[in-house]
Amino acid sequence: MPWDSSSRKLKRAAKHYKSLNDELRSYIREGRPFEYQAEIDREEAQFRIRVVGGEPPPDEMSLIVGDFVQNLRASLDHLIWAAVRATGNTPTMGNAFPIFLEGPQTSRRKEALWARQLAGIAEEAIPLIDQIQPYKRGEDARFDALACLKELSNEDKHRVVLQTLNAIPDPNDAAPDLDFEYLDVEPIESYQLHAMKPLANGDLVMEAAIKITGPEPNIRIKGELPVEVAFGEFRIPASGLAMMFDRIDVVVAHLANELLGANLGPQPLGARLGEPPADAATTAPPDEPTDS
């Protein structure tokens, strides 16, 4: 079938993600990459938590993520080549799946690149590919899964994918599970968490204003701050890679059905790895944007 190579690339990407998960478990759960140290600044009446020690993620993670990303990217490019062949044309080295954070009409260079990447494809395919472009999301274009894929893919082609160990990427997504025991200090009402930043020995991760009530102020930490390993200059967390896979999987299924006569359904990464299925998905492009 003309879409087989795209499907096989997705299958290979899923295997790389499983390998990445194995490395993550070993690094975070068994390796104890870092610990936290609490301190009280009496003069400024501040409570602070800093990261202590810590080893960088192993290079193997970077290599696995690079393979994962390139297989995802190839699944889209293979689909374009199959769509060109379906029209009776011969693909060229210029053919590829376009990923545009700005509309191709914004410059002659972009227009030329768009035309070169889609040369030979059926005219009715153009709107289908255009409607799922990141630029359709306006100011949020860079957060689109396709845009993140392009970012990581380009980084991996030219340099090792950067790795950073982060505190929670967003407290709303993974709230800290923290409790405190107090001595000569009033209970903390609120605190500032320094998320979405690389962590290194001595870095400040949390701070809070406190009211000292006695001569021996002390606060003991109970619980955990969730952490994630993130990749690339854009610091895409490992959980974001799974969401990226699911979006690309749906795009491939949708376009293969529309352009190549396939009858594919999406296969989310969790299902491929034997995890319980989530809510039923659709083969329509996910989060279909509207013109801004």
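The values are calculated or read from the model by the stated rules, or taken from the named source; none is laboratory data. Treat the numbers as computed from the prediction; the structure is a model and nothing was measured. Using ideal geometry, Cβ is built from the backbone for each residue, glycine included, and neighbour counts are taken over all protein chains shown. Areas reflect the complete protein model, heavy atoms only, side chains present, ligands, DNA and RNA absent. Shrake-Rupley method; radii C 1.70, N 1.55, O 1.52, S 1.80 Å.
Within region 4-49, the set of residues being farther than 22 Å from Gly270 by Cβ and touching a residue at least 60 places away in the same chain (Cβ under 8 Å) comprises Ser5, Pro33, Phe34, Tyr36, Ala38, Ile40, Arg42, Ala45, Gln46, Phe47, Arg48, Ile49. Out of curiosity, is Pro266 surrounded by 15 or more Cβ atoms within 10 Å (Cβ to Cβ), in a loop (DSSP other than H, G, I, E, B) and either touching a helix residue (DSSP H, G or I) at 6+ places or on another chain (Cβ under 7 Å) or modelled with pLDDT of 85 or more (or both)? For Pro266, the condition - surrounded by 15 or more Cβ atoms within 10 Å (Cβ to Cβ), in a loop (DSSP other than H, G, I, E, B) and either touching a helix residue (DSSP H, G or I) at 6+ places or on another chain (Cβ under 7 Å) or modelled with pLDDT of 85 or more (or both) - is met.
Would you confirm, using the coordinates I've provided, whether Gly223 is open to solvent by 30 Å² or more (accessible area, probe 1.4 Å) and in contact with a Lys or Arg (Cβ under 7 Å, 6 or more places away or on another chain)? Judged against the criteria, Gly223 is not a match.
The number of residues in region 222-255 being under 9 Å from the mean Cα position of the chain (by Cα) and of a type in the set (D, E, K, R) comes to 1.
Six or more apart or on different chains, Cβ under 7 Å: which pairs go from a residue in region 128-155 that's over 15 Å from Val251 (Cα atoms) and of a type in the set (Phe, Trp, Tyr) to one that's open to solvent by less than 10 Å² (accessible area, probe 1.4 Å) and in a helix (DSSP H, G or I)? Could you list them? Partner pairs satisfying both residue conditions: Tyr135/Ala141.
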